[in-house]
1. Say a paramagnetic label sat at a point 7 Å from the Cα of Ala221, along Cα to Cβ; which residues of region 195-215 have their backbone N under 14 Å from it?
2. Once phi is turned into ³J(HN,Hα) by the Karplus curve 6.51 cos²θ - 1.76 cosθ + 1.60 with θ = phi - 60°, what whole-Hz value does each residue of region 60-68 show in order, with x for glycine and proline?
3. If you count, for each residue, the other Cβ atoms within 10 Å and average over each peptide, how do 284-291, 83-90, 246-253 line up from highest to lowest?
4. Only Cα pairs under 8 Å and at least 6 apart count here; give the relative contact order of region 44-143 as a rounded whole percent.
5. So what's the chain giving for Cα Rg divided by 2.2 N^0.38 Å, two decimals?
6. Can you tell me the order of 215-223, 435-443, 137-145, 183-191 when each peptide is scored by its average per-residue count of other Cβ atoms within 10 angstrom, highest first?
7. Normalised by the number of residues in the chain, what is the relative contact order in percent for Cα pairs under 8 Å and 6+ residues apart?
8. If I model a spin label as a point 7 Å beyond the Cα along the Cα-Cβ vector, how far apart are those points for Asn321 and Gln529 in nm?
Amino acid sequence: MNRRSILKHLGATVPGLMASPWLMTEALAARPLARPVAPGPFQPTWASLQQYQVPTWYQDAKLGLWAHWGPQCQPEAGDWYARGMYQEGSDQYHYHVKKYGHPSKFGFKDVIHRWKAEQWDPEALVALYKQSGARYFFAMANHHDNLDLYNSRHQPHWNATQVGPKKDIIGGWAKAARRQGLPFGVSVHAAHAWSWYEPSQRADKTGPYAGVPYDGNLTKADGKGQWWEGLDPQELYAQRHPLSQNSEDNRMIHAQWNWGNGVTPPSQAYLDKFYRRTLDLIDQYEPDLIYFDDTALPFWPISDVGLRLAAHLYNKSMQKNGSVQAVINGKILDEQQRQCMVWDIERGQSNQIEPYFWQTDTCLGNWHYDRALYDRDGYKSAKTVIHTLIDVVSKNGNLLLNIPVRGDGSIDEKARKVVEALGVWMQANHEAIYATRPWNLFGEGPALEDAAPLSAQGFNEGKGKPFTHEDIRFTTKGEALYALVLGWPDNGRVLIKSLASQGPQGRQPVNQVTWVGTGEKLAMHRDEQGLAVTLPSHDHITKDAFALKIV
């Protein structure tokens, strides 16, 4: 992009930017480096990052599992707890008052203090995840709650080695993943703590605590005689700044995610601290993948912090491997950005074969552990997970699946059952998944007619028509075409209409069809209606979905 194109792109997101065309170029040029990026061919610009090529190992892997786990899992009350507990009248606010006390007396810093992770066994969990068929593993390094889950040199007091469990969570996960031979990824969410924590500055408007401030503006001096004496809550909450415009509207955070629409700009000290913390994470633990929970990269488009981090990771990977084997995931990318990193769709799937490799991330339940969801059997079934994996792979993507982890570091028996069922299916059908690439068509069937469009960063999963045996997805490997059928037909026969002898794909010969996993040859007939395959009469691993190999 040239200078004018960059400003035009940014102006669509940041009001007033086009009126001040010096803002990005001069401000960034004048900003002192907190620390230079690793030397190498990648520079902190989108144009330079376009050199990136998605590594083959990642395109072959197809399935990753994720531990989106931290102190917000301790209450077992669902996503974004450290924000919701400060929203008067919300379910999480009422839950918090009942369980812990009023947020003026017991804030999120105190929830962290209660979090001990006493049942956490990373070696056992990662071994289980590998058995599920996962080919890479992610762990959360920090969330919007701003607690670093590693031995953080630049968040030295509010990290998991000093408070809460007093354990190096990322260090433990990394060791376990590498023992299992799995590439290790970290997810980084802390850029948004600045505005995300703003409700902690509020006070109740009604009731016995009306006007009593929550703990978001406490300082180090307020800790005398408390468990946190000597610690500065502002290093965690980062609330020494005016509230953003319309901050009282709890939905406004979504409109301001791009650092526009009236959000209070983060200070230079906040930007530099995030940069140093994340560089420290990269240098200490050498992750193979980083997932940024941001539009494109952290603080884009108001800062080049994210660009510097990307260049640093790619250059370090090249130094170590001779070529870039690292992966960065980001959300809501334009076409240029999709050449610089891997597009991530949250809780959703593309409706086409994507020209650039991509990933969907989703969860069995909620991102942070939710006891109520567990109690009402609200998890995705193994069938749903398998169908999602097949659909995503057919469209040139990977699936990253979060398995909910309790505050104590264990997973419950319902989640374990899904993980084990996924492993059984993958053991039988992995040939049609791993190291495959898309075919001319990603699939056929009635679900295509009812596919839901993406919304913002994704969020279209479960909104379309359920899959049936008429829904088929395709993958390829070498000379083989795989047809993955998303259900079992009552008559024991599958008709693959895309392979009709007179259709657009009819020129492709079909010599043999086998049942993937056993190599059993199946009877077939091909005519102008399609390729009809007679399925085995005996029981197989699963009838929720199965793979046929066509050569």
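1. No residues fall inside that zone.
2. 7, 5, 6, 9, x, 10, 9, 10, 7
3. Numbers: 284-291: 21.9, 83-90: 19.8, 246-253: 14.8.
Packing order, densest peptide first, comes out as 284-291, 83-90, 246-253.
4. Working: 70 pairs, mean separation 43.3, N = 100.
About 43 percent, as a whole number.
5. 1.02
6. Ranked by mean Cβ neighbours within 10 Å, highest first: 137-145, 183-191, 435-443, 215-223.
7. Working: 1101 pairs, mean separation 89.5, N = 551.
That works out to 16 percent.
8. In this crude label model, Asn321 to Gln529 measures out at 4.9 nm.
Computed from the coordinates by the stated procedures, all read-outs in this text should not be read as laboratory data. Here the structure is a predicted model, which means the values were calculated and not measured. Cβ: placed from backbone, ideal geometry, glycine included. Neighbour counts: every protein chain shown.
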